[in-house]
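All remarks here apply to the structure that follows.
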Amino acid sequence: MTQQLVHIIGAGIGGLTLGRCLLRYGIPAVLYEKAPAVATTRHNYGITLHASSYRPLLNILGLDELSFRRRVAVDGPVGGSGKIDPNLLVCPGTVDSTSFRAHREKLEGLLRQGLDVQWENALEKVEETPSGMLLCLQNNQRLESECIIGVDGPHSNTRKYLSPDTPLNVLPYVAFNGKRRVERAVFDNVYAPAMGDSNIIEMRQGDVVLHVSVNEQQGSIVNIGWTFSRPARGTTDPLHKPNRPVSGATDISEEFFEEIAALQGLEQPFMEIFDVEKLRMERVLHWLMRTVLVSHQELCAFAEKGVFFMGDSVHAEPILGGEGAARAITDGIELAKCISLYGPGGIRGWYDSRHPKWENGVKESENTIAEMHGSPKVAQ
C-alpha cells in the first residue's frame, strides 16, 4: 500500500474513475482540470456503457446496478434505465441487454463526489529535472513527484510534451454532429413510435450512417443528439478535412447541406432530424475520427521519470465505433488496484498486461467504424 499523493492530470471519466477508486483504497489524490468548474455541464450528452466496465464500479460507489443506472441514465429523470435496443443499431458490436446509455455529466458528477479537483489548471509545459519530470500548471502550480498520471484525453498536452512524435491518426471518414431540444409532444409523436424504449436508433443508406440518440429525457423537453457519417470519397472530398484546425470544427460547408438534401425516402425520426432548414439554424460540428497509440517502450521510459498514462490520452479510439468511455473506466479501476497493491513502481508491470489490450482495442475500433459504413475491415 502507498499513501503517497497521486497527481492526476485531467478530470474526465478516466481521471475521475481513477481518483474515486484511489479514494476507496485510502490513497490521496488531486486532480488538475483545465476547464472551469462552471463548465461541468459541457458534457451534456449520452455515452454507451457496458456491464464489463460499469459493474466493477458499483462496489466503489456503494450502489446496486438498478440504482446506478437510474441515477446516470439519459432517461433516468422519467424513470428509465438507459435501455438500448441492439436491433435498432446498424452495427451493434458489443452492445447487448446489459449495455445502457448514460448521461456523461451525471456520471462524472457521481464520480467526482469526495474528490479534490483543482479547476482551471491547464498544463503549460513539462521540464525534465535531474530527479524526474516537473509539470508546470496554471496558477503557478509546479508538480514534481513519483506519481503523475496523464489522463487528459486524446489531445493530451501531457502526451504532446513527452511524446511529440506520436501521431494523431485521422481515419478516412466524414462525420457531423449536432443537438436539438424537442418538446415532449413532438418526441412522443415523431420519435417514440420508431425508437420504442430504446435511446438510440440508426439507419444506413448506401455508405451513409444516420444516428439519432437521446441525450437527456426530462418531463417536458427531450434533448436529442444526431450524427451524419460516411467514408471519405477520395483526396478531393470537400467534406473530409483531416488537417483542419480545432477552430475549424464549426466551419460547415454548403456541400454538407447539399448531401443532407440528397438523402432519399427518410422515415421518422430521421426525416425530422435531417431537415436541411432546421439544421441551418443549429450549431453543427465537424468531427474528426482519430486514433492514438503510444508505444509500450515510450510509456516505460516515461515511467522511469515518474509520469504515467492511461485512457485515451495514450490509446484513443474514434468517437464512432470506439469504446473510449468504457475503456477509460476499466483503466481507472485496474490502475487504482495496481497502485494500491504495488505502489507507482508496479505501473510498468501493469503496462505489460494492458498495452496489448489497448492495441487490440484501437484495431477493433477501426474495424467497427469500417463495418458500420459497409467498408472492408482494416488489416490486422
**Asked** For the stretch 69-123, with the dipole built from +1 on Lys and Arg beta-carbon atoms and -1 on Asp and Glu ones, taken about the Cα centre, which of Gly82, Pro92, Leu107 lies farthest toward the positive end?
**Response** Gly82
**FRET efficiency estimate (nearest 0.05) - Cβ-Cβ, Glu254 to Ser131, R0 51 angstrom** = 0.35
**Neighbourhood charge, 12 Å Cβ-Cβ cut-off, centred on Ala73 and excluding it, Lys, Arg +1 and Asp, Glu -1** = +3
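How much net charge surrounds Arg112 when only other residues with a Cβ under 15 Å from its Cβ are counted (Lys, Arg +1; Asp, Glu -1)? Provide the component values of the computation, followed by the final result.
On the way: positive: Arg20, Arg24, Arg42, Arg71, Arg104, Lys106; negative: Glu33, Glu105, Glu108, Asp116.
Residues close to Arg112 contribute a combined charge of +2.
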**Message:** Positive end of the dipole of the chain, charges at C-beta (+1 Lys, Arg; -1 Asp, Glu), about the Cα centre: which of Thr330, Leu288, Leu143 has its Cα farthest in that direction?
**Reply:** Leu143
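Once you charge only the Cβ atoms, +1 for Lys and Arg and -1 for Asp and Glu, what is the size of the charge dipole of the stretch 172-288 about its Cα centre, to the nearest 20 debye?
Values: 12 positive and 17 negative charges, 70 e Å.
I would put it at about 340 debye.
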**Complete:** Lys and Arg at +1, Asp and Glu at -1: neighbours of Pro130 with Cβ under 12 Å from its Cβ sum to -2
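Write down the percent of antiparallel bridges among all DSSP beta bridges whose residues are both part of the chain, to the nearest 5.
So the antiparallel bridges amount to about 80 percent of the total.
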**Fill in**
Assertion target for Ile260, Ile201, ordered by fewest C-beta neighbours within 10 angstrom first, is Ile260, Ile201
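Can you tell me the dipole magnitude for the stretch 274-380 around its Cα centre, using point charges on the Cβ only (Lys, Arg +1; Asp, Glu -1), in Debye to the nearest 20?
Values: 12 positive and 15 negative charges, 33 e Å.
For this selection, approximately 160 debye.
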**Request:** Take the Cβ-Cβ distance between Val78 and Glu359 as r, set R0 to 45 Å, and report the resulting FRET efficiency rounded to the nearest 0.05.
**Result:** 0.65
**Given Lys34/Lys278; Lys241/Lys278; Lys179/Lys305; Lys241/Lys305; Lys125/Lys337; Lys179/Lys337, the pairs whose alpha carbons are separated by over 32 Å** = Lys34/Lys278; Lys179/Lys305; Lys241/Lys305; Lys179/Lys337
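What 222 nm value per residue comes from the helices of the chain, counting each DSSP H run with n ≥ 4 as -39,500 (n - 2.57) and dividing by all residues, nearest 500 deg cm²/dmol? List each step's numbers first, then the result.
Details: 12 runs with 121 residues, N = 380.
After summing the helix terms and dividing by residue count, I get -9500 deg cm²/dmol.
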**Fill in**
Under 19 Å by backbone N from the virtual spin label 7 Å along Cα-to-Cβ at Asn169, the residues of the stretch 328-369 are 328, 354-369
**Prompt:** Considering only the stretch 30-123, what is the antiparallel percent among its DSSP beta bridges, to the nearest 5?
**Reply:** 65 percent
**Request:** Positive end of the charge dipole of the chain (Lys, Arg +1 and Asp, Glu -1 on Cβ, about the Cα centre): tell me which of Leu16, Phe257, Ser229 has its Cα farthest that way.
**Result:** Leu16
**Item:** Estimated inter-spin distance, Ser97 and Arg204, nm [label 7 Å along Cα→Cβ]
**Value:** 2.6 nm
**Prompt:** Over all pairs of distinct alpha carbons, what does the Kirkwood formula give as the hydrodynamic radius of the chain, in Å?
**Reply:** 21.7 Å
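Where the only charges are on Cβ atoms (+1 Lys, Arg; -1 Asp, Glu), what is the dipole of the chain about its Cα centre, to the nearest 20 debye? Provide the component values of the computation, followed by the final result.
Working: 38 positive and 46 negative charges, 128 e Å.
That gives a dipole near 620 debye.
Every read-out reported here was derived from the displayed coordinates using simple, explicitly stated rules and does not represent laboratory data. A quick note: this is a predicted structure, and the numbers were derived from the prediction, not measured. We place every Cβ from the backbone using ideal geometry, glycine too, and count neighbours over all the protein chains shown.
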